[in-house]
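Heads up: the structure comes next, in structure tokens.
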Amino acid sequence: MSYETLLTETRGPVALVTLNRPKALNALNSTVMSELADALAAFGKEEGIGAIVLTGSEKAFAAGADIKEMQGIDFVDAYIGDFISGWEAVAATRKPMIAAVSGFALGGGCELAMMCDFIIASETAKFGQPEITLGVIPGMGGSQRLTRAVGKAKAMDLVLTGRMMDVAEAERVGLVARIVPPERLIDEAVETAAKIASFPRAAVLMAKEAVNRSFETTLGEGLRFERRLFHSLFATADQKEGMAAFMEKRKPQFSNR
Ligand code: CAA
């Protein structure tokens, strides 16, 4: 499949999706949104793919929603057209997704990275929610996911001032899982995704679902949900294989059953 604004490739069990609008610092226009939703849906269906890496260029993961495209929109267009609601397709991706971030991840770019399951960032990465400087606020989850990721004080600081934070600060506050040198970024993300893809698919999807549920529910309900998923994995052949292999001191041969 070829796209106007994305490059896609597979590396073993990993799909690598690269945002590719270099002249606009990967600004996220409606074509990027619909192509990304299509690419993720296609990789979601591809049995051989166990995890996805989403990346941009060295200079920019993405510099936000496309300001040129947004400029002419009025309230009625935005409201009736439910502007940017299509991005929910990214967050709804069931297979694990790693954001590999280099350079600017601003506005919708930061929000897109946060829709992934975790962020591996290069030493050059910069994060921010500068929407306030344009007279708007984050519209793809920045006020919600950022607050859950880094807490109220830091989220307010970023959302109200529009300032950027460097990668050291982003890791310190819990937005970024790992920092790597720029030249290691893609390999580190792909190797990490391949490791995830090597584990039993049902357990991986349930692990993702369980962690995500912690953001949606009470502790008691979350613990009960986790326990039920945990119980259900004892119905899989891969649980039998994983535990037998441990006892027999050999490598497991998982079958995704
Ligand atoms: N939309 C459209 N075009 C963008 C863009 C964006 N978000 N960000 C950068 N570009 C374009 C620039 O217009 C420029 O195009 P031209 O060469 O045709 O003039 C090109 O990308 C290169 O950008 P700069 O010349 O500005 O590069 P720089 O290195 O000097 O600055 C930057 C980089 C600090 C990231 C700066 O481009 C910038 O501030 N970009 C906008 C960031 C922003 O405000 N993002 C939030 C958007 S709103 C949003 O995302 C809403 C939401 O929550 C959904």
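Whole-percent P(r), segment 31-150, all Cα pairs, 10 Å bins from 0: 13, 44, 34, 9, 0.
For residue 11, the shell of other residues with beta-carbons less than 12 Å away shows a net charge of -3, using +1 for Lys and Arg and -1 for Asp and Glu. Once the Kirkwood radius over Cα pairs is known for the chain, the Stokes-Einstein relation at 20 °C and 1.002 mPa s delivers a diffusion coefficient of 111 µm²/s. Helix 30-45 and the long axis of the chain differ in direction by around 0°, with both axes built from C-alpha atoms. Computed over the chain with a Gaussian network model linking Cα atoms closer than 10 Å, the most mobile of 240, 23, 152 is 23. Set against the 2.2 N^0.38 Å expectation for a compact globular protein, segment 34-93 has a Cα radius of gyration ratio of 1.41. Can you give the angle from 0 to 90° between the axis of helix 152-161 and the longest principal axis of the chain, with both taken from C-alpha atoms, to the nearest 10? Between helix and principal axis, roughly 30 degrees.
Roughly how many whole Å is it from the C-alpha centroid of segment 208-227 to that of segment 139-207? So the two Cα centres are separated by 20 Å.
Mean separation of Cα pairs under 8 Å and 6 or more residues apart, divided by the residue count, gives segment 1-91 a relative contact order of 33 percent.
In the distance distribution for segment 91-174, Cα-Cα pairs more than 18 Å apart total 34 percent.
Per-residue ellipticity at 222 nm computed for the chain from its helices equals -13000 deg cm²/dmol, with DSSP H segments shorter than 4 residues left out and the rest contributing -39,500 (n - 2.57). Within segment 197-257, the ratio Rg/Rh, alpha carbon atoms throughout and Rh by Kirkwood, equals 1.06.
Any idea what angle helix 237-247 forms with the longest principal axis of the chain, computed on alpha-carbon atoms, 0 to 90 degrees, nearest 10? For 237-247 against the chain, the angle is about 70 degrees. Segment residue 123..residue 237, full-extension length gain: 36.9 nm, with 0.36 nm per residue of separation and the alpha-carbon distance subtracted. Given points 7 Å out from each Cα along the Cα-Cβ axis, report the residue 78 to residue 249 separation in nanometres with one decimal. Label at residue 78, label at residue 249, 6.5 nm between them.
Think of segment 61-148 as a dipole: +1 on every Lys or Arg Cβ, -1 on every Asp or Glu Cβ, centred on the Cα centre; then among 80, 114, 141, 114 lies furthest on the positive end. A Förster radius of 45 Å, combined with the Cβ-Cβ distance separating residue 160 from residue 47, puts the computed FRET efficiency at roughly 0.50. Across segment 135-252, Cα-Cα pairs more than 21 Å apart make up 60 percent of the total.
Treating r as the C-beta distance of residue 257 and residue 4 and R0 as 22 Å, the FRET efficiency rounds to 0.05.
Pairs of Cα atoms nearer than 8 Å and 6+ residues apart set the relative contact order; for the chain it is 16 percent. For segment 64-146, averaging the sequence separation of C-alpha pairs within contact (under 8 Å, six or more residues apart) and dividing by the residue count gives a relative contact order of 30 percent.
Here, each number is a calculation from the coordinates, and none is a lab measurement. Owing to the predicted nature of the structure, the values given are computational and were not obtained by experimental measurement. Counting neighbours? That spans all protein chains shown, and the Cβs are built from the backbone with ideal geometry, glycine included.
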